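Asker: My questions all concern the structure below.
The values are calculated or read from the model by the stated rules, or taken from the named source; none is laboratory data. Since the structure is predicted, the reported quantities are computational estimates derived from the model, not experimental observations. Quick reminder, even Gly has a Cβ in these numbers, built from the backbone with ideal geometry, and neighbours come from all protein chains shown. To get the accessible areas, we keep the full protein, side chains included, count just its heavy atoms, and leave off ligands, DNA and RNA. Shrake-Rupley method; radii C 1.70, N 1.55, O 1.52, S 1.80 Å.
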Amino acid sequence: MNSAYLHDIVARALAEDLGGRGDVTSEAVIPAHAHAAFIIAAREAGVLAGQAVAAEVFRQCDPTLKTYWRAKDGDALAKGDVVLAVEGSVRAILIAERTALNFLGRLSGIATLTRLYVEAVKGTGAKIAHTRKTTPTLRALELSAVRAGGGASHRFGLDDAILIKDNHVAVAGSVGEAVRRAKAHAGHMTRVAVEIDRLDQLDEALAAGAESVLLDNFPLDDMKAAVKAAKGKVILEASGGVTLSTIRAIAETGVDVISVGALTHSAPNFDFGMDEG
């Protein structure tokens, strides 16, 4: 991950917490010379993500802190597992504590939820992918957490792939016309994908030269029909309202990819705690 991006994200997060006066509690209670060792441990089972950004938090608070990671991104955690030991200035460690735990909790929550979805489709061949439904400015971190959980990459932003959605189609007039315009505009290295919300749009998308087709909120029977008609001709992606209770049936239709917005917009926070140790 880009080091300048990490530095900027962490610097802003720490500035938000410290405000204009700094950690007035630690300054009042903790002697400036106090040194100690602390550990961060999982308070539930899940998957670790966020190691790089948490490490940057401690580095910015005090580059002389000694950090010892006992787990890495993607590792399965049991309740009580220690992921990090840190030694040095108590004031610096306590300044870093909440910001580091916030990043680890948010990102490990995403990785943990992603792993549940990945395990739910195991053996079907379907990949679980993220969407762009991410926290503004934190997308790189959150998508890294999806990968730590075993998820696949989708497009990162608007600039790295052409994905024609319903509003593009509405303005262009039809699926076929939207795809034809995109194909005429795109270079040979740019994949053209189109979202359809009815089975009768599939032939039009194929005829116009779409390379990926996103089946938006398709009933299972229509999804199966789309797979029968187009499997091997284009990448077929299912999306829309996917949950852990429905994803196995969707995967068993034979689609190649299932994109899940919930990985990033609805992941619960993972519970870590930091204690002296």
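Asker: Expressed as a whole number of Å, what is the distance separating the alpha-carbon centroids of segment 33-107 and segment 143-201?
Answerer: Segment 143-201 and segment 33-107 have Cα centres spaced 38 Å from each other.
Asker: Pairs to check: 122/231; 122/224; 127/228; 183/224; 133/165; 127/231. Give those whose C-alpha atoms are more than 21 Å from each other in this structure. Don't skip to the end; give the middle numbers.
Answerer: Numbers: 122/231 19 Å; 122/224 19 Å; 127/228 18 Å; 183/224 27 Å; 133/165 15 Å; 127/231 15 Å.
Beyond 21 Å: 183/224.
Asker: Count the DSSP beta bridges whose two residues both fall in the chain, then state the antiparallel fraction as a percent rounded to the nearest 5.
Answerer: Within the chain, antiparallel bridges account for around 50 percent of the total.
Asker: Accessible area per residue, 1.4 Å probe, Å², for the chain: what's the number?
Answerer: Ligands and nucleic acids excluded, the result is 49 Å² per residue.
Asker: May I pose another question? Once phi is turned into ³J(HN,Hα) by the Karplus curve 6.51 cos²θ - 1.76 cosθ + 1.60 with θ = phi - 60°, what whole-Hz value does each residue of segment 36-43 show in order, with x for glycine and proline?
Answerer: Ordered by residue, 3J(HN,Hα) equals 6, 10, 10, 10, 10, 10, 6, 9 Hz.
Asker: Between residue 2 and residue 265, what FRET efficiency follows from the Cβ-Cβ distance if R0 is 22 Å, with the result rounded to 0.05? List each step's numbers first, then the result.
Answerer: Details: r = 23 Å, r/R0 = 1.07.
It comes out at approximately 0.40.
Asker: A follow-up question, please. With all protein chains present, how much of the accessible area of segment 1-155 (probe radius 1.4 Å) comes from carbon and sulfur, to the nearest whole percent?
Answerer: Percent of accessible area from carbon and sulfur atoms in segment 1-155: 53.
Asker: Let me ask something else. With only Lys, Arg, Asp and Glu charged, each at its Cβ (+1 for the first two, -1 for the last two), find how big the charge dipole of the chain is about the Cα centre; round to the nearest 20 debye.
Answerer: The calculation lands at about 460 debye.
Asker: Compute the orientation-averaged projected area for the chain from the convex hull of its Cα atoms and round it to one decimal in nm².
Answerer: The directionally averaged projection comes out at 16.8 nm².
Asker: GNM, the chain, Cα, under 10 Å: largest mean-square fluctuation among 44, 16, 177?
Answerer: The residue with the greatest mean-square fluctuation here is 16.
Asker: Something else about it: Are there any helices in the chain, counted as whole DSSP H runs, that stretch 27 Å or more along their axis by Cα and score at least -1.0 on average by Kyte-Doolittle, and if so which?
Answerer: In the chain, the long hydrophobic H runs are 90-120.
Asker: Report the one residue of 274, 85, 212 whose Cα lies farthest in the direction of the positive end of the charge dipole of the chain (charges on C-beta: Lys and Arg +1, Asp and Glu -1; origin at the Cα centre).
Answerer: 212
Asker: Once you compute Rg and the Kirkwood Rh from C-alpha atoms, what is the Rg to Rh ratio for segment 50-138?
Answerer: Details: Rg = 15.8 Å, Rh = 14.9 Å.
Result: Rg/Rh = 1.06.
Asker: For a quick check: with amide H placed at 1.01 Å from N, whose amide H comes under 5 Å from residue 218's, ignoring anything fewer than 5 positions away on the same chain?
Answerer: HN-HN under 5 Å from residue 218: 239.
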